[in-house]
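Beneath this line is the structure, given in structure tokens, with notes to follow.
The values are calculated or read from the model by the stated rules, or taken from the named source; none is laboratory data. This one's a predicted model, so the numbers in the text were calculated from it and none came from an experiment. Neighbour counts run over all protein chains shown; Cβ positions are idealised from the backbone, glycine included. Note: areas computed on protein heavy atoms with side chains; ligands, DNA, RNA excluded. Shrake-Rupley method; radii C 1.70, N 1.55, O 1.52, S 1.80 Å.
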Amino acid sequence: MQLGLHALGIGAGADRAVIDAVAAAADDCGFATLWAGEHVVMVDRSTSRYPYSDDGVIAVPAQADWLDPMVALGFAAAASSRIAVATGVLLLPEHNPVIVAKQAASLDRLSGGRLILGVGVGWSREEFDALGVPFEHRAARTAEYVAAMRTLWRDDLASFDGQFVGFDSIRVNPKPVRERTIPIVVGGNSDPALRRAATWADGWYGFNLDGVAAVRERVGVLERLCAELGRDRGELRLAVALRSPHVDDVGGLAELGVDELVLVEAPPEDPDAVAAWVSSLAEQWIQ
């Protein structure tokens, strides 16, 4: 099983020198993927429930620096040569899909085909309101945006006619490196998120799950949904981040068919301390 690192874009992970150091060290130490999440907007007092904590409150302070993940991962890709870079996750319905398709293909091209596009539907109504995007029907919007982006990546002359996006005979270049597509991973732990993964995604990113038992239960639901939809679960790449991971969890996750364990960690503020920090994680986790 591979090991990923979700450490970029927030707080100390928003510093250019730290990003460079993390990317280079993780590349050298054998990590599979560098992940960076997204929030365009944070608010001091939210009425929206954060779905990945027991108290419904996100742990990141509203005042913290939080980089755009595509920009942060662009710098990470430039500072490395092998490691994949992944949005974990991009809140796709908040964006124009034609622009995201071009940004993603550009990053994929410049990184040599290393981008994984993790997407989610979002949970903060305040964020959608600030961006002028309807909070309702965001799941349907996300699915349609994914279909539109895949059309733009695949076709030289692309047309799409949907409820939320439409274009006729347009050219969007460059194209992605790997057969004109980019792997799209669905983030989220809910049944609807798993159904999205089973229906149209290339993988699933389960976030802040409470141990191997919780992963087992969610993977079971995903397998049932794939069976209902006539899809081979083995086609999906599974990545999970645990709330309190332990080295002993690796074997159990591997038995469940999990491809990547993602460590969610805050890097040191001092760039000179990063290499030792990453090396310590690698010594502990990479078998």
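Could you grab the pairs with beta carbons closer than 9 Å, sequence gap of 6+ or different chains, first residue in the stretch 202-222 and surrounded by fewer than 20 Cβ atoms within 10 Å (Cβ to Cβ) and outside any helix (DSSP H, G or I), second one at pLDDT below 95 and among the aliphatic types (A, V, I, L, M)?
none
Across the stretch 158-199, which residue is least open to solvent (accessible area, probe 1.4 Å) among those that are closer than 20 Å to Val98 by Cβ and among the acidic types (Asp, Glu)? Before you say what the answer is, go through the steps one by one.
First pass over the stretch 158-199, keeping only residues closer than 20 Å to Val98 by Cβ: 158-177, 180-184.
From the residues that got through so far, the ones that are among the acidic types (Asp, Glu) too are 161, 168.
Numbers: Asp161: 149, Asp168: 115 Å².
Applying the filter and picking the extreme gives Asp168.
Give the residues of the stretch 34-50 that are part of a loop (DSSP other than H, G, I, E, B) and either touching a Pro at 6+ places or on another chain (Cβ under 9 Å) or free of Cβ contacts under 8 Å to residues at least 24 places away in the same chain (or both), sorted by residue number.
Scanning the stretch 34-50 gives Gly37, Glu38, Met42, Asp44, Arg45.
Quick one: Arg237 ticks every box in (1) open to solvent by 70 Å² or more (accessible area, probe 1.4 Å); (2) within 30 Å of Leu152 (Cβ to Cβ); (3) touching a residue at least 40 places away in the same chain (Cβ under 8 Å); (4) in contact with a helix residue (DSSP H, G or I) (Cβ under 8 Å, 6 or more places away or on another chain) bar one, so which box is it?
Among (1) open to solvent by 70 Å² or more (accessible area, probe 1.4 Å); (2) within 30 Å of Leu152 (Cβ to Cβ); (3) touching a residue at least 40 places away in the same chain (Cβ under 8 Å); (4) in contact with a helix residue (DSSP H, G or I) (Cβ under 8 Å, 6 or more places away or on another chain), Arg237 violates only (4).
Looking for something among the β-branched types (Val, Ile, Thr) and closer than 24 Å to Gly113 by Cα - is there at least one such residue anywhere in the stretch 205-227? Give the steps one after another, and end with the answer.
Filtering the stretch 205-227 down to residues among the β-branched types (Val, Ile, Thr) leaves 212, 215, 219, 221.
Narrowing the set further to residues that are closer than 24 Å to Gly113 by Cα leaves none.
Within the stretch 205-227 (the criterion being among the β-branched types (Val, Ile, Thr) and closer than 24 Å to Gly113 by Cα), the answer is no, since none of the residues qualifies.
Scan the stretch 1-23 and report the pairs whose first residue is at positive phi and whose second residue is of a type in the set (Phe, Trp, Tyr), with Cβ atoms within less than 8 Å and a gap of 6+ or a chain change.
Note: pairs meeting the criteria are Gly9/Trp66.
Please enumerate the residues belonging to the stretch 34-60 that are loosely packed, with under 15 Cβ neighbours inside 10 Å and of a type in the set (S, T, N, Q).
Thr47, Ser53
Evaluate the following for Ser53: is it of a type in the set (Ser, Thr, Tyr) and part of a loop (DSSP other than H, G, I, E, B)? Please lay out each step first, then the result.
Working: of a type in the set (Ser, Thr, Tyr): yes; part of a loop (DSSP other than H, G, I, E, B): yes.
Here the answer is yes, as Ser53 does meet what is asked.
For the stretch 15-33, which positions are surrounded by fewer than 18 Cβ atoms within 10 Å (Cβ to Cβ), assigned to a helix (DSSP H, G or I) and not acidic (Asp, Glu)?
Correct list: Arg16, Ala17.
Can you name every residue in the stretch 61-95 that is among the small types (Gly, Ala, Ser), open to solvent by 20 Å² or more (accessible area, probe 1.4 Å) and assigned to a helix (DSSP H, G or I)?
Selection gives Gly74, Ala78.
Out of all the residues in the stretch 127-148, which are surrounded by fewer than 16 Cβ atoms within 10 Å (Cβ to Cβ) and of a type in the set (D, E, K, R)?
Within the stretch 127-148, Asp129, Glu136 meet the criteria.
Go through the stretch 110-124 and give me each residue that's open to solvent by less than 20 Å² (accessible area, probe 1.4 Å) and either free of Cβ contacts under 8 Å to residues at least 12 places away in the same chain or not in a strand (DSSP E or B) (or both).
Hits for the stretch 110-124 are Ser111, Gly113, Gly122, Ser124.
Only one of (1) assigned to a helix (DSSP H, G or I); (2) surrounded by fewer than 20 Cβ atoms within 10 Å (Cβ to Cβ); (3) not hydroxyl-bearing (Ser, Thr, Tyr) is not met by Leu152, so which one is it?
Result: Leu152 fails condition (2) only.
Please indicate, with yes or no, whether at least one residue in the stretch 66-89 is of a type in the set (Gly, Ala, Ser), farther than 19 Å from Ala32 by Cβ and in contact with a strand residue (DSSP E or B) (Cβ under 7 Å, 6 or more places away or on another chain).
no
Here's a check for you: in the stretch 171-201, which residue that is outside any helix (DSSP H, G or I) and among the hydrophobic types (A, V, I, L, M, F, W, C) is farthest from Leu256 (Cα to Cα)? Walk me through how you get there before you give the answer.
Here is the first cut: in the stretch 171-201, the ones outside any helix (DSSP H, G or I) are 171-190, 201.
Subsequent filtering for residues that are among the hydrophobic types (A, V, I, L, M, F, W, C) retains 172, 177, 182, 184-186, 201.
Values: Val172: 39, Val177: 30, Ile182: 25, Ile184: 21, Val185: 18, Val186: 18, Ala201: 19 Å.
Once the filter is applied, the top-ranked residue is Val172.
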